[in-house]
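The values are calculated or read from the model by the stated rules, or taken from the named source; none is laboratory data. Predicted model only: the values in this text are computed from it and were never measured. Cβ atoms come from the backbone with ideal geometry, glycine included; neighbour counts cover every protein chain shown.
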Amino acid sequence: MTATRGPHRPLRLEARSFSCGEEKRGAERQLHSSHICVILSYMKLIAQVKLLPDDEQQAYLLQTLEQANALCNWLSEQAWELQKFRRFDLQAACYYAARERSGLSAQMVIRCIAKVADAYTLDKRTQRSFK
C-alpha cells in the first residue's frame, strides 16, 4: 500500500495485490490523515509467547495458581451459601474478604470472581469446585 499526498489534498491510498506472480493494481481510495489515525488506533497486535521459567519462577507460578484455585473454591462456597451467582453480586459480597483471605492482587481476585460466576452461568443446581 502506498500513500501520496499533495498540499491541501487528502491522502491517497493505493492498494496493490499480487496474484500468481503478477502485480495487479487495486482500487484507489481517498482518506484524510485523521481517518488513518482512527483506523490505526483500532488495530491490535497479538503475539503468542511461551514462558520458560527457571525452577524458582516455576515454583512461584505453581503456588500462585494453587492460591487462585483455593480462592475460587472459597468463592464458590460463598456463592453457594449466599445464592449469589452473578459476577457483580458475588464481587459486592466477597471482594474485600477475598483480598484479605488470599493475599492475591486485585486483578487476580477479580479474575477468580469472574471464573466462579462463569462456572455457575449454565447450572446453579450443583456446587462447583476448582483444582
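When the residues of region 93-131 are filtered to those that are among the hydroxyl-bearing types (S, T, Y) and either out of contact with any helix residue (DSSP H, G or I) (no Cβ under 6 Å at 6 or more places or on another chain) or surrounded by fewer than 16 Cβ atoms within 10 Å (Cβ to Cβ) (or both), which remaining residue is nearest to N73 (Cα to Cα)? So the residue we want is S129.
Condition check ((1) of a type outside the set (D, E, K, R); (2) at pLDDT below 95; (3) assigned to a helix (DSSP H, G or I)) across all residues:
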| residue | (1), (2), (3) |
| --- | --- |
| E14 | no, yes, no |
| S34 | yes, yes, yes |
| L52 | yes, yes, no |
| Q58 | yes, no, yes |
| W74 | yes, no, yes |
| I113 | yes, no, yes |
| S129 | yes, yes, no |
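With respect to Y96, determine if the residue is over 19 Å from T64 (Cβ atoms), touching a residue at least 40 places away in the same chain (Cβ under 8 Å) and of a type in the set (F, W, Y). First the steps, then the outcome.
On the way: over 19 Å from T64 (Cβ atoms): yes; touching a residue at least 40 places away in the same chain (Cβ under 8 Å): no; of a type in the set (F, W, Y): yes.
Spelling it out, it is not the case that Y96 is over 19 Å from T64 (Cβ atoms), touching a residue at least 40 places away in the same chain (Cβ under 8 Å) and of a type in the set (F, W, Y).
Of all residues in region 68-82, those that are more than 15 Å from S102 (Cα to Cα) have Cβ atoms under 6 Å from Cβ atoms of residues that are not in a helix (DSSP H, G or I), 6 or more apart or on another chain, in A79/F85; W80/Q127.
Is it fair to say L90 is touching a residue at least 24 places away in the same chain (Cβ under 8 Å), of a type in the set (A, V, I, L, M, F, W, C), crowded, with 17+ Cβ neighbours inside 10 Å and outside any helix (DSSP H, G or I)?
Details: touching a residue at least 24 places away in the same chain (Cβ under 8 Å): yes; of a type in the set (A, V, I, L, M, F, W, C): yes; crowded, with 17+ Cβ neighbours inside 10 Å: yes; outside any helix (DSSP H, G or I): no.
So L90 does not fit the description; no.
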